[in-house]
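No lab work stands behind these numbers, since they all come straight from the coordinates. Just so it is clear, the structure is predicted and the values come from calculations on it, not from any experiment. We place every Cβ from the backbone using ideal geometry, glycine too, and count neighbours over all the protein chains shown.
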Amino acid sequence: MKKNKTARGYFLNTAVIVLLFTAFQILTAAKGSQGAFKLVLVPSIWQCCYLMVLAASLNLVLGFMGQLSLGHCGFMAIGAYTAALLSLACERAEWFDGKNDPRFLAVLIISVLAAGLLAALFSLLVGIPALRLKGDYLAIITLGFGMIIINIINNLPFCGQDGLALGSAGASLYKNGLGFGSKAKVQFLWFALAVTILSLTLLFMFVRSKYGRAIKAIRDDEIAASASGINTSKYKVLTFAYSAFFAGIAGALYACTNATLSTSSFAFTNGGILNSTFVVVMVVLGGMGSLTGSAVAAVIMFLVNYEIKNGQWVSLLPASLSGIFEYPMLVYALVLIIVILFRPKGIFGTYEFSLQNLIPDIRNAIKRHRAAKAEKEEAKANA
Amino acid sequence: MKTSRFFSILLVLCMVFCIAAAGGSAFAADDQIIIGLISPNTGALAAYGTGIVTGADLAVEEINAAGGILGRQVQLIKTDDQSDPTECLNAFNSLVAKGVGLIIGSATSGCTSAITDAANEEEVCILSPTATADSITTEDDFIFRACYADSFQGAIAAAYAKQAGFDKVGVVYCAADVYSKGLFDSFSKACAEYGIELAAEQSSASLDVQDYTNQFTAMVNAGVEFVYAPYYYDVIGPYVVPQARAAGYSGIIMGADGYDTTPDYVVAGADLTAFNDVYWTNHYDPSDTSEKVSSFVQAYEAKYGSIPSAFGATGYDCVYMYKQAIEAAGSEDSVAVRDALADRSAVYECVTGTFSLDESGTPLKGAAIISFQSDGSTVTSKLVDVVTQLP
């Protein structure tokens, strides 16, 4: 019976995804060349895609394993530069001719996978010594790691300006092989969505597997977990690497979205929404222990960030209010404070959104709500 | 509690719906010429953004008061890129989606390079006030600028060293930054040309390092009396210059346009005589007595109460360059304006000099060499020389 239900769940999700995907493709074909769709909606979806993968991958370490890592953007930077330089090398070697070449797709997939693998490799190097530490100490070491990565990339001669030793070492890589322009972004939107869905599915499967149960046990009580025969350090390092793999893939998507790379975008002091602390904020906002929550929070944070800078309604606000919006960091903080005040578990808590369980979940929630109300009234009556 | 949650949800919904609305509607009146402006108004380089915005605002105000361009009023749409390439691309896309075809921006080379490809694809003109990296503008594209390129700026510093009689110089720079490294490259290349020996060369890990003592101790040990240190104002004022003097270095420190606005960032109460013998190259000199510059400086001071930085001047110039190009093209269509800007015979009479653009879209103009002077309590700038051509 249980097995049947899981299979039905997979079937339902696949069906809905395929349906949405087809509908979206039709929409893209119909409106692809229009200004607002091409220039606003599609780039926004691309950015949401990498933020979702990034937040969900950090949730694995932070929410499910309970280890605070502040260097997640370091892995993303590794992924971004790997994918960018690899594709640039292929372009320079003329392995593919333009973005319509079928061989470009192969290069794209290889670059994305290589980005993930290299990030995972680096996470092993950091994770094996660092994960013996706990709490604050792990946070400090991963924070340091993020900064070290940025400085290393900054000083690699083949990462600057034109890339691959043609330019000098510099904070910006001006062009990469898989950087998409506006038209190419529409054309390859399916790729971003497919990578995101696949990544989230793989993260889900990990959480639901015996590995997922093991790391949840480690989060709840490490001593008890190790007493029950769980090899805690092995599971911790494995999860850390698995999480970094997807951070690397998020980096590759970032490299596709932005034709240029700049290490300052991944730096800890970056004032935008792409820094390691901010990814932690996304995870906390969405709910530690809910992958769907992270995905939703990533989209919300993106919208907040985008709207306060580009939204037209900002100029309609009274001067005193729009004055706050000149300092975007303040607004992010306000959003976080509102959520923490009224919903300390985060938006989703540990609840996972599921199509199959949606109706029963709603029914249960109403039932629970009624029961709580009745109890309160009873308590009042008793008093 | 209930109502608060309701409001939170409402707020989120508002934002969700606004993204759809943001792209859809064109909101400016039909008879206005719209120019987009992308600059780092917040974040680490906010002083640059402020300069460009105030300068461009002033120019638009003047043009509108004088009857506009082709008899039509000009409207400026300002966006913020936080000196981050992703935000810059977002700002660019939102401007283009609103139908803007002429854009001024962005301040730094890193951000501007993020939008050059997109601008060529969308056929939108980009006129950068201060992106100096050589590779920003290329032939036959939609990208132009109102400032000289790094390869010229570094060479001017070398020429000045030669002229002042130094045959042995040192460099403190950041190998990891495109601005600093680009200037170092052009400076060292010019030094080799002029027969100047590069006796000491020190690099810092990043542009925002706060300790330069070791680097300048090495300069003292190498016995150089002229050090080229291409950094931005945020470290020059509080760290580089005072620490160099504290390390026993008493010679000349020379920099580039990143030194602009340094006097606003010095540490109050410190011994500011350290800033004597600091020279830098800039796009223009505010104390210039020519009619063009003095009227600009006066108008700017009257409006904002401060001396305009080079960013204010180039931002101001960008608007006037667009004005001239639109008038030459007869319309504000971006392709027509591009052709007008690409016309190499057009001469622009601007605050930062009278110049025409070369085949890549970079102005052929001189640089002002400026020195800091201090009596111990304040730092002021003084024009030393204006170099229009390399020796």
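A few remarks follow.
- The angle between the Cα long axis of helix B:150-163 and the main principal axis of chain B comes to about 30°, on a 0 to 90 degree scale.
- Put simply, the amide H of B:TYR228, placed in the peptide plane, has neighbours under 5 Å in B:GLY170, B:VAL171, B:VAL172, B:MET254, leaving out anything fewer than 5 places away on its chain.
- For region A:31-278, the relative contact order works out to 37 percent when only alpha carbon pairs closer than 8 Å and six or more residues apart are counted.
- Between B:CYS350 and B:PHE355, the built amide H atoms are under 5 Å apart, and every one of these is 5 or more places off in sequence or on another chain.
- Which of A:VAL283, A:VAL42 has the fewest Cβ neighbours within 10 Å, and the rest in rising order: A:VAL42, A:VAL283
- Straight-line cross-link reach from B:LYS365 at under 19 Å between alpha-carbon atoms covers these lysines, not counting any fewer than eight positions away in the same chain: B:LYS292.
- In order along region A:103-108, the Karplus-derived 3J(HN,Hα) couplings, from 6.51 cos²θ - 1.76 cosθ + 1.60 at θ = phi - 60°, round to 5, 4, 4, 4, 4, 4 Hz, and Gly and Pro are given as x.
- Each of B:CYS350, B:CYS111, A:CYS48 was scored by other Cβ atoms within 10 Å of its Cβ. Arranged with the fewest first, they read A:CYS48, B:CYS350, B:CYS111.
- Relative contact order for region B:307-391: 17 percent, from Cα pairs under 8 Å spaced at least 6 residues apart, divided by residue count.
- The P(r) of region B:319-390 has a tail past 21 Å containing 43 percent of all C-alpha pairs.
- Note on chain B: Cα Rg divided by 2.2 N^0.38 Å, N the number of residues, gives 1.04.
- The HN-Hα couplings worked out from phi for region A:110-123 by the Karplus form 6.51 cos²θ - 1.76 cosθ + 1.60 (θ = phi - 60°) are 5, 4, 5, 5, 4, 4, x, 5, 5, 4, 5, 4, 5, 5 Hz, whole numbers, x standing for Gly and Pro.
- Among A:LYS216, B:LYS78, the ranking by other beta carbons within 10 Å of each residue's beta carbon, starting with the fewest, stands as A:LYS216, B:LYS78.
- The DSSP beta bridges internal to the protein assembly as shown are antiparallel in roughly 40% of cases.
- Alpha-carbon centroid distance for the pair region A:248-267 / region B:265-327, whole angstrom: 35
- Scanning residues 5 or more positions from B:ILE69 or on other chains, those with amide H under 5 Å from its amide H are B:VAL74, with H placed 1.01 Å from N in the peptide plane.
- Short-range pairs are left out: with C-alpha atoms under 8 Å and at least six residues apart, the relative contact order of chain B is 16 percent.
- In degrees, nearest ten, helix B:310-329 long axis to first principal axis of chain B (Cα): 50
- Summing charges over neighbours of A:ARG368, with a neighbour being any other residue whose Cβ is under 12 Å away from its Cβ, gives +2 when K and R count +1 and D and E count -1.
- The string of couplings for region B:83-98 from the Karplus curve (6.51, -1.76, 1.60, θ = phi - 60°) is 6, 10, x, 4, 5, 5, 5, 4, 4, 4, 4, 5, 5, 5, 5, 7 Hz, one whole number per residue in order, with x for Gly and Pro.
- Folded to 0 to 90 degrees: helix B:178-194 orientation relative to chain B principal axis, Cα: 50
- Which listed pairs, of B:LYS162/B:LYS303; A:LYS183/B:LYS98; A:LYS5/A:LYS185, have C-alpha distances above 29 Å, in listed order: B:LYS162/B:LYS303; A:LYS5/A:LYS185
- About the Cα centre, charge dipole magnitude for the protein assembly as shown (Lys/Arg +1, Asp/Glu -1 at Cβ), debye: 5300
- With the gyration tensor restricted to C-alpha atoms of the protein assembly as shown, the semi-axes of the equivalent ellipsoid amount to 48, 31, 26 Å, longest first.
- Alpha-carbon centroids, region A:45-119 and region A:294-343: separation in whole Å: 28
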